[in-house]
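Participant: I'd like to ask some things about the structure below.
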Amino acid sequence: MDPFLTLLHSFSSSLSAAELRELKFLCQDKIGKRKLESVQSGTELFNFLLEQQVISSHDVDFLKTMLKVIKREDLVTRLEHFVEEGEANVPEDQPDVNEKRLQKVAIEVICENVGREWKMLMRKLGFSEVKMDRIIAANPLNLKEQLVQSLREWQKWKGKDAKVTDLIKGLRDCNMNLVADLVEQKLVQLNIEAK
């Protein structure tokens with residue numbers, strides 16, 4: 001059973017009707033009005049937020065802010081404890097050291113060579129529009145930072161399933177063959193240096 005879902009379920013059962021109404025109010029810009037009207041429990045609300053990728057076990061900032069606004073410091077503390085504990089268990093969900101090193105190099109090359117078309121690449125990687133919009137809002141005038149943050153979020157989201165081969169395939173699917181070639185050349189160079 002997913003520990004994050006278990007945590008959300010326990011949060012849901014401790015919310016009063018008034019607190020649920022406040023949380024729904026705070027989610028108006030994240031969830032459509034019709035969906036919000038249908039929400040009868042914290043579990044349903046959290047489910048919509050998970051579907052929209054507004055919250056995840058790796059991204060609890062929005063959830064933490066909401067809980068602070070409704071003055072549920074007890075839940076904020078539990079959430080922070082979960083994140084701290086979760087960090088200790090993260091390595092099994094992370095790529096191995098070599099894959100991380102390759103990803104770092106690939107991301108550097110991508111960030112130096114992909115411009116305005118970065119959103120097309122992120123879509124090919126299965127990254128959500130909602131997350132891209134949030135990253136753009138946080139970095140409105142910095143195209144390179146938008147791409148860097150998106151790729152970092154993609155790595156977090158995919159965990160150990162984040163592969164350099166996916167990045168290269170995504171580039172090729174977007175007809176960014178020159179950038180894909182540059183990534184491959186850099187990786188070959190890196191492997192030669194490692195030997």
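Taken together, the values in this text are just the output of simple stated rules run on the coordinates, not laboratory data. Everything numeric here is computed off the predicted structure, so don't read it as measured data. Note: ideal-geometry Cβ built from the backbone for every residue, glycine included; neighbour counts use all protein chains shown.
Participant: Measure off 7 Å from each Cα along the Cα-to-Cβ vector at ASN177 and ASP161, then give the distance between these two points in nanometres to one decimal.
Facilitator: Going from the ASN177 label point to the ASP161 one covers 3.0 nm.
Participant: Checking the table LYS71/LYS119; LYS33/LYS119; LYS68/LYS124; LYS33/LYS169; LYS71/LYS131; LYS64/LYS186 against a 32 Å threshold on Cα-Cα, which pairs fail? Can you show the working numbers first?
Facilitator: Values: LYS71/LYS119 37 Å; LYS33/LYS119 27 Å; LYS68/LYS124 35 Å; LYS33/LYS169 37 Å; LYS71/LYS131 26 Å; LYS64/LYS186 40 Å.
Flagged as over cut-off: LYS71/LYS119; LYS68/LYS124; LYS33/LYS169; LYS64/LYS186.
Participant: Would you please put 44-56, 28-40, 179-191 in order of how densely packed they are, using the mean number of other Cβ atoms within 10 angstrom per residue and starting with the highest?
Facilitator: Details: 44-56: 18.3, 28-40: 12.4, 179-191: 15.7.
Sorting 44-56, 28-40, 179-191 by mean packing, highest first, produces 44-56, 179-191, 28-40.
Participant: Could you pull out which residues in the stretch 65-84 have an amide N less than 17 Å from a spot 7 Å beyond the Cα of GLN28, following the Cα-Cβ vector?
Facilitator: Correct set: 66, 69-70.
Participant: May I pose another question? Specify which labelled value, from (i) 60, 34, 26; (ii) 50, 39, 29; (iii) 57, 34, 31, agrees with Cα extents along the principal axes in Å derived from the coordinates of the model shown.
Facilitator: Step by step, Cα extents along the principal axes in Å for this structure corresponds to label (i).
Participant: Separation between the ARG123 and ALA137 pseudo-spin-labels, each 7 Å from Cα along Cα→Cβ, expressed in nm?
Facilitator: 2.1
Participant: So what J values fall out for the stretch 39-52 if you push phi through Karplus, 6.51 cos²θ - 1.76 cosθ + 1.60 with θ = phi - 60°, rounded to Hz, Gly and Pro as x?
Facilitator: In residue order, the calculated couplings are 5, 10, 8, x, 4, 5, 4, 4, 4, 4, 5, 5, 4, 7 Hz.
Participant: I would also like to ask the following. Please turn the phi angles of the stretch 112-117 into ³J(HN,Hα) values with the Karplus equation 6.51 cos²θ - 1.76 cosθ + 1.60 (θ = phi - 60°), one per residue in order, whole Hz, x for glycine and proline.
Facilitator: For the stretch 112-117, the Karplus-derived couplings read 6, 10, 9, x, 5, 7 Hz, x marking Gly and Pro.
Participant: Please give the calculated 222 nm ellipticity per residue for the chain, where each DSSP H segment of at least 4 residues contributes -39500 (n - 2.57) and the sum is spread over every residue; nearest 500 deg cm²/dmol? Present the calculation step by step, with values, prior to reporting the outcome.
Facilitator: Values: 12 runs with 141 residues, N = 195.
Theoretical 222 nm ellipticity from helices: -22500 deg cm²/dmol.
Participant: Expected output is a single nm value to one decimal: the length gained when fully extending between ASN47 and GLN185, i.e. 0.36 nm times separation in residues minus the C-alpha distance. What is it? Write down the numbers at each step before the final one.
Facilitator: On the way: separation 138, 0.36 × 138 = 49.68 nm, distance 4.26 nm.
Gain on stretching ASN47 to GLN185: 45.4 nm.
Participant: Right, something else. Run the numbers for LYS144 and ASN98: contour at 0.36 nm per residue of separation, minus the present Cα-Cα distance, in nm. All intermediate terms of the calculation are to be shown ahead of the outcome.
Facilitator: Details: separation 46, 0.36 × 46 = 16.56 nm, distance 2.50 nm.
Stretched fully, the LYS144-ASN98 segment lengthens by 14.1 nm.
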